Amino acid sequence: MKNATYTIGVDFGSDSVRCLVVDTADGRETASAVCAYPRWKAGLYCDSSQNRYRQHPLDYIESLERCVREALAMCDRTVVDNICGISFDTTASTPVLTDKQGTPLALLPEEAENPDAMFVLWKDHTALAEADAINALAARWEVDYTRYCGGTYSCEWVWAKMLHCLRNTPSLQTKAYSWVEHCDWICALLAGDTTPETIARSRCAAGHKAMWHEAWGGLPSFEFLTAVDPLLGIFRGHLYRRTVTADTCIGNLSAEWAARLGLKPGIAIGMGAIDCHVGAVGAGIVPGTMVKVMGTSTCDILVGRHEEIGNKAVRGICGQVDGSVLPGYEGFEAGQAAFGDIYAWFRRLLAWPLQRIAQSDPALEERILGELTTEAEHLPLTIDDPVALDWHNGRRTPDADPRVRGALDGLTLATSAPALFKALVEATAFGSRAINERMLEEGVPIDNIIAIGGIARKSPFVMRTMADVIGVPIRVTGSDQACALGAAMFAAVAAGIHPSTAAAQQAMCPGFSAEYRPDPARHALYDRLYARYLKLGSSR
């Protein structure tokens, strides 16, 4: 018998990095570890009042080293010796300005404390003006570079963010040479060469966040970009035309990083990709399946056959890209800018008097959502219930607009805290339904839904509400770490253990831990509440 083989999937989230060691034969999780980013945890470099969220590259480096070593410490030596590949997923668009060597500018001593020299986290909204300029020009340019990203370029995406950093800190203009997405940089770093012109670039990140598309030969023309702002000319000749899918081996682990991580040098490094897309693969996505990644925000991922999609471009989503999820299929991304964040906001709202007046134990505050859930589950469902809009962090899809805001309708003196919480949960489900309906209107089939993420695994109340609102059964994947598992699958293909992503999925997918079926009577009532939700949104 051949020796068992293992791969490592690394999931860089918003708050922490997760490392998963996986048996390539059956997807069994051999060991895992989670490490928080220390500077991020301390609240450094962020200003929520300005929607500024930055992460220092040292947070990624230090947390990766610690996390991988902690996971390997749980493994037998034979497991470590038979690890043959490593792959990554990251948040996106999370880009950073780099110098000629591809070094993030925050790693230069003189820029170590400059937020504009750091990675700009996906949810950073400081680049509103820059996104407006891109959209205004795109609307009258001879090539519609926003065609395959839903018709609107977001302030959460790379071109707007990099332009904002250059405008906001002019001293960076003489140091910036290129930019790189987190998922591209971490792969190149471990391979030992971060040269901007030659590193592998993720098809997933390029297509969904940088307006890359084969129809116009790659990235938008520099005539277009410099017409937005001449500062973007800094990057001319320093970026890329070619991209690769996540099943591609982009190089081998360098001796330096092998020593730092405790692995063998030379193991395969798979191309990084966006976390929700990789998580969809880990959950078992196939054509007709929507995978909902449910956490602080949501991402909704689908794949379609090219012969069915043709040249159609779906309106108002976060993009469609050939091979961005499953190689050989068109990948679609949509999502909500806030989901679990809305529940956390309400908890903080209710906890304020406890903190300021009662000086309560934080453990008591953590119970708030549990108590609200218990009460909300027992409330009757009526057409006169309060209705909320889930736009507390703007609207991502359908039809991106970061400036819209949340709202509440139908409050009375009898409205209780549990009733408000129930309305907020329903609002997040209504937002999900709006995405589904747009996909169906545009001819993208949805036969079933798979949910992954912390909320899907931990909140039956939210999941029952979601199923009742959408009217479709929802299955919850059996893994707590679908994103890291998807990365491990891609690593197995990059290492040559499985011949294709589909084969890796067939062998390594974890199955399901729960299924939620809609209640027809409640779905009928939710149809009427959803109509109120749409009316409330149209009035904003």
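The values are calculated or read from the model by the stated rules, or taken from the named source; none is laboratory data. Note that the structure is a prediction, hence the values are computed from the model and not measured. Glycine gets a Cβ as well: all are built from the backbone with ideal geometry, and neighbour counts include every protein chain shown. Only protein heavy atoms, including side chains, enter the accessible area calculation; ligands, DNA and RNA are left aside. Shrake-Rupley method; radii C 1.70, N 1.55, O 1.52, S 1.80 Å.
Points worth noting:
- Test: residue in segment 297-305 that is touching a Phe, Trp or Tyr at 6+ places or on another chain (Cβ under 8 Å) and more than 17 Å from V278 (Cβ to Cβ): yes
- Residue check, R438 closer than 29 Å to S16 by Cα and in a helix (DSSP H, G or I): no
- Residue within segment 92-101 that is under 23 Å from S254 (Cβ atoms), modelled with pLDDT of 95 or more and open to solvent by 60 Å² or more (accessible area, probe 1.4 Å) present: yes
- Any hit, segment 269-286, residues being surrounded by fewer than 18 Cβ atoms within 10 Å (Cβ to Cβ) and closer than 22 Å to A334 by Cα: yes
- Single match in D385, D401, D409, D390 (criterion: under 23 Å from A334 (Cα atoms), of a type outside the set (A, V, I, L, M, F, W, C) and at pLDDT 95 or above): D390
- Extreme residue, nearest to R403 (Cα to Cα), among residues of segment 289-340 that are hydroxyl-bearing (S, T, Y) and open to solvent by 10 Å² or more (accessible area, probe 1.4 Å): S297
- Scanning segment 417-430 for any residue that is farther than 19 Å from C299 by Cα, in contact (Cβ under 8 Å) with a residue 12 or more places away in the chain, open to solvent by 20 Å² or more (accessible area, probe 1.4 Å) and touching a Phe, Trp or Tyr at 6+ places or on another chain (Cβ under 9 Å) turns up at least one such residue.
- Verdict on T169 being in contact with a helix residue (DSSP H, G or I) (Cβ under 7 Å, 6 or more places away or on another chain), of a type in the set (S, T, Y), surrounded by fewer than 24 Cβ atoms within 10 Å (Cβ to Cβ) and under 23 Å from D322 (Cβ atoms): no
- Residues of segment 244-278 classified as in a helix (DSSP H, G or I) and within 22 Å of V180 (Cα to Cα), total: 6
- Of all residues in segment 449-461, those satisfying the criterion of being open to solvent by less than 10 Å² (accessible area, probe 1.4 Å) and either assigned to a helix (DSSP H, G or I) or not small (G, A, S) (or both) are I449, I450, I452, A456.
- Screening segment 24-43 for residues that are in contact with a helix residue (DSSP H, G or I) (Cβ under 9 Å, 6 or more places away or on another chain) and without any contact (Cβ under 8 Å) to a residue 24 or more places away in the chain and picking the one that is nearest to L128 (Cα to Cα) gives R39.
- Residue list for segment 415-461, restricted to those being at pLDDT below 95 and either more than 28 Å from H277 (Cβ to Cβ) or in contact with a Leu (Cβ under 8 Å, 6 or more places away or on another chain) (or both): M439, V444, I446
- Selection of segment 177-222 for residues being free of Cβ contacts under 8 Å to residues at least 24 places away in the same chain and either surrounded by 24 or more Cβ atoms within 10 Å (Cβ to Cβ) or within 21 Å of D247 (Cα to Cα) (or both) yields only T198.
- Consider segment 28-53 and keep the residues that are of a type in the set (K, R) and under 14 Å from D15 (Cβ atoms). The one that is most open to solvent (accessible area, probe 1.4 Å) is K41.
- Residues located in segment 365-400, provided they are open to solvent by 50 Å² or more (accessible area, probe 1.4 Å) and touching a strand residue (DSSP E or B) at 6+ places or on another chain (Cβ under 9 Å): R395
- Among residues of segment 431-447, those that are open to solvent by less than 40 Å² (accessible area, probe 1.4 Å) and either over 20 Å from the mean Cα position of the chain (by Cα) or closer than 27 Å to T382 by Cα (or both), counted: 10
- Members of segment 76-101 that are farther than 23 Å from W40 by Cα, touching a residue at least 24 places away in the same chain (Cβ under 8 Å) and not in a strand (DSSP E or B): T78, V79, V80, D81, N82, D99, K100, Q101
- The criterion of at least 2 residues that are under 17 Å from the mean Cα position of the chain (by Cα) and closer than 25 Å to R39 by Cβ is met, among helices (runs of 4 or more DSSP H) falling completely within segment 105-223, by 158-168, 182-191, 203-209.
- Listed conditions (1) under 21 Å from I269 (Cβ atoms); (2) within 22 Å of the chain's Cα centre (by Cα) are all met by L44, apart from (1).
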